[in-house]
Amino acid sequence: MFELTEDHIALKDAAAEAAKAILGATLKADDEAEVFRAEYLHALGEAGLCGVQSPEEYGGLGLGYTEYTIILEEIAKVSASYAVSVAVTGLPQVILSTFGTAAQKEAFLPALAMGESIGAFALSEPDSGSDAASLRTTAVLDGEHYRLNGTKFWITHGGVADLYIVMARTGGPGPSGVSAFLVPGDTEGLSFGKKEEKMGLRASPTVELVLRDALIPAANLLGQEGDGFKVAMSALDSGRITIGAISVGIAQAALDVSAAYATKRKQFNTAIIDFQGVGFMLADMAIKIEASRLMVQKAAGLRDASKPYSQIAAMAKCMATDTSIQVATDAVQVLGGYGYTREYPVERYMRDAKVMQIVEGTNQVQRLVISRYLKRLYAD
Ligand code: COS
């Protein structure tokens, strides 16, 4: 059974306090105006929250995914946009920690782990989403450099990141032709196209990244040529745990607001939580949140124990993100007319929760990963 230790509780409380202090004041206005503030991410880094999972010698806290998910849940309770920012700036860190050379780690990891620089992950393209192995961006070795050409879509932190992990094709078609590169944000030939106008996560910038003859040192290749698909997939396995944790945070925030409201709100001289239709709805929300949190913690625990965790990460991602949208939708229902307005945050939770079923692999892709695993497990 998973139980929070005293250290976990201290970390959870510190993350909750920092998130409220740093993000609280402009939350509503920034959601409305679609404003991202890099200084907020830097401040979260100063509070130790951007590199929880990175090694201490590279500026992180040297903790595991168990602790990482605890802090992400707390940040997401305040702002899903910035929880996603922390998770996305964490992706290059986990990639560098796993696949980077000592020189690559030295060059890029400490600034990311301390929140001084911002990271991004560029896999998707206009015609390559779920079918990630069909990506068309190319990288051609040219002397001491690789020359990158192509367009990446839906890039969180596009235009504000200091480092992009870019997946590009160095070989033939399919997954084995893909390589992963460290592309600094100030690389010549890098430009940014349209910024997406989104339903939710409106304080998180989602931008098109264009590479036109972008030259990067050959030393910025991660692993060997052809390793890129595995680099991306293993990063996404970890990323799915973080999206699960963020989704639990959104759902918990939605339950906190709606259960408190239902306890105070009276109709027919009765607190509406005492009407079974509402009380049982809240009970179901609480059940699903507990189950989701346990699954996310199990995936994090297996990862921390260096055991296989791809399948449970996919399951936890599905469970937690499906829970998140359902709980947030029910929270709007409990608040009724108030819930549908911007006076209360539950409509934002609902808008933010929706995308969690899509990012880091749609829930249909997660079910594909799980069903392929079942097929292998039950094959004779
Ligand atoms: N970790 C490490 N390696 C992995 C892996 C993982 N989780 N998943 C697959 N691989 C490896 C496989 O072992 C295989 O290697 P070999 O050829 O050496 O055996 C290779 O990668 C290709 O795997 P597979 O055949 O499963 O690739 P598919 O093209 O069928 O794609 C899916 C598999 C659909 C699961 C993958 O494309 C995917 O996750 N798509 C969603 C992408 C995504 O999440 N995008 C979000 C972007 S960030 S918001």
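Structure summary
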read-out: Segment residue 358-residue 151, length gained on full extension (0.36 nm per residue, minus Cα span); value: 72.5 nm
read-out: Rg(Cα)/(2.2 N^0.38 Å) for segment 230-379, N = residue count; value: 1.18
read-out: Loop-located chymotrypsin sites (Phe, Trp or Tyr not before Pro) in segment 197-302 whose Cβ has at most 10 other Cβ within 10 Å (DSSP); value: 268
read-out: Debye-sum result for the chain in log10 I(q)/I(0), which assumes one identical scatterer on each alpha carbon, at q = 0.12, 0.15 Å⁻¹; value: -0.88, -1.34
read-out: Rough spin-label spacing in nm, given labels placed 7 Å along Cα→Cβ, for residue 212 and residue 13; value: 5.5
read-out: Carbon and sulfur %, accessible surface of segment 230-379 computed with the full protein complex present, 1.4 Å; value: 60
read-out: Extended-chain gain in nm, criterion 0.36 nm per residue less alpha-carbon gap, residue 131 and residue 333; value: 69.1 nm
read-out: Segment 302-347 - Kirkwood radius from inverse mean 1/r over Cα pairs (Å); value: 12.5
read-out: Assigned charges on the beta-carbon of Lys, Arg, Asp, Glu; the chain dipole about Cα centre (debye); value: 1140
read-out: Zone residues, segment 99-142, relative to residue 57, backbone N less than 19 Å from point 7 Å out along Cα-to-Cβ; value: 99-114
read-out: Added length on full extension, which subtracts the Cα-Cα distance from 0.36 nm per residue, residue 186 to residue 266; value: 23.1 nm
read-out: Quotient of Cα Rg and 2.2 N^0.38 Å for segment 34-188, N being how many residues it contains; value: 1.06
read-out: Solvent exposure of the chain as accessible area per residue, Å², 1.4 Å probe; value: 44
read-out: Cut-off under 5 Å, modelled amide H: who pairs with residue 52 long-range; value: 61
read-out: Too-long pairs where the Cα-Cα distance tops 26 Å, listed order kept, from 28/354; 195/298; 152/354; 77/354; value: 195/298
read-out: Per-pair calculated FRET efficiency, R0 = 51 Å: residue 378 and residue 26 via Cβ, rounded to 0.05; value: 0.50
read-out: Accessible-area ranking of 181, 153, largest first, probe 1.4 Å; value: 153, 181
read-out: Theoretical FRET efficiency, 1/(1+(r/R0)^6), r = Cβ-Cβ of residue 195 and residue 3, R0 41 Å, to 0.05; value: 0.45
read-out: Rg [Å, one decimal], Dmax [Å, integer] - segment 6-117, C-alpha atoms; value: 13.8, 43
read-out: Dipole magnitude (debye, nearest 20) for segment 164-282, charges at Cβ of Lys, Arg, Asp, Glu; value: 580
read-out: Rg and Dmax of segment 130-265, Cα atoms only, in Å; value: 18.8, 70
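The values are calculated or read from the model by the stated rules, or taken from the named source; none is laboratory data. Not measured: the values here are computed from a predicted model. Cβ: placed from backbone, ideal geometry, glycine included. Neighbour counts: every protein chain shown. All accessible areas refer to the heavy atoms of the entire protein, side chains included, with ligands and DNA or RNA removed. Shrake-Rupley method; radii C 1.70, N 1.55, O 1.52, S 1.80 Å.
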